Amino acid sequence: MPLDSLFKKRIVLITGKGGVGRSLVTAALAQAAERRGVHPLVCEIGDDPADYSPLARYFGRDRLPIQPDELAPGIRGVVLLARTGQELFLRTALHSSTLARAALGSDALRRLLTAGPSFREMGVFFQLLNYLKAVRGDERAREARDHEYPLILVDMPATGHTLSLTGLPDLLLRLMPRGPIAAALREGQSYLNDPERAAAWVVTLPETLPVSEALELLDGLTRTAMPVGGVIVNRIPADPFSLEERAALLPLFTTRDVLGGESFRRPDLATRETARLRAGTRLPIYTLPDLPHTGLLEALTREIDRSRRTGPSLRP
């Protein structure tokens with residue numbers, strides 16, 4: 001599955017271990033999508049609308065808006081909040097915005113939705129479903145079913161939260177197979193479990209623990225029937241030495257504790273861990289270089305565009 005197929009989906013989950021660069025990759029993919037004429041909606045899951053957003057900073061903001069708004073030309077963003085999704089669901093079920101707000105104003109119900117297992121994921125799930133179903137407002141667009149958000153890119157939290165969201169429909173449908181919640185879960189499942197419309201992309205680093213967690217995450221996504229597009233290995237280090245120079249220097253770094261030894265070993269580690277990742281999955285693997293922070297987003301976007309032309313790379 002070439003990287004370009006990512007931009008033809010309706011929803012793409014960008015997931016992986018904390019600290020691997022998910023937010024940066026999400027922002028770069030959004031820019032790359034916009035350059036292809038696809039106007040994405042970028043999202044992240046939040047607990048409080050006032051929280052600082054790692055994703056928003058790549059667009060010059062401290063946080064993402066509560067309602068979809070333009071972050072850059074052709075790119076909109078929104079924070080996914082459990083309460084927003086819960087209100088959307090109640091508004092649909094009760095056929096009244098006033099009743100929905102009144103219900104959420106109840107202290108008892110609010111405590112239940114905050115503390116109850118899976119209620120947070122349900123709110124996020126329903127908010128995503130509403131964006132997936134939204135069509136552009138003019139009559140001709142509604143008749144043609146032109147999507148308001150043709151591509152939704154979600155910067156997911158750490159691994160466990162991703163599996164909680166992708167596994168939510170099966171879990172809750174076993175508990176409540178009928179009713180409005182079940183209907184919404186099945187509708188959302190029809191998007192998330194459809195490889196033509198959805199994919200998860202796992203971001204990792206060429207290091208031992210991130211690669212191990214990436215392989216575990218790939219297994220977990222398969223168990224929850226979430227289609228996976230591929231793996232992006234971020235921050236591949238450049239090797240400044242030729243093979244002959246590296247062979248000559250190796251005895252020095254292996255027999256003495258020399259300043260710079262960790263940097264010397266990084267390319268070898270990256271090669272070994274990328275090979276381990278390749279051995280553990282048949283999915284496409286794309287590598288992105290370790291880039292200086294200045295101009296990082298634009299440089300990474302160019303690398304993604306380059307990958308579009310050259311295809312998957314398994315060699316750091």
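A short reminder: the numbers here are calculations on the coordinates, not readings from a lab. Because the structure is a prediction, the values reported are computed rather than measured. Methodologically, a virtual Cβ is constructed for each residue, glycine included, from the backbone with ideal geometry; neighbour enumeration extends over all protein chains shown.
In the stretch 197-252, Cα pairs under 8 Å separated by at least six residues give a relative contact order of 43 percent. One equal scatterer on each Cα of the stretch 169-263, no solvent, Debye formula: the resulting log10 I(q)/I(0) at q = 0.24 Å⁻¹ is -1.15. Could you tell me the center-to-center distance, by alpha carbons, between the stretch 148-209 and the stretch 12-55 in angstrom? Between the Cα centre of the stretch 148-209 and that of the stretch 12-55, the gap is 16 Å. The length gained on full extension between residue 250 and residue 306, counted as 0.36 nm times the residue separation minus their Cα-Cα distance, comes to 16.9 nm.
If R0 is 35 Å, the Cβ-Cβ spacing of residue 296 and residue 51 corresponds to a FRET efficiency of close to 0.95. Sequence-distant contacts, meaning Cα pairs under 8 Å at least 6 residues apart, place the relative contact order of the stretch 157-277 at 27 percent.
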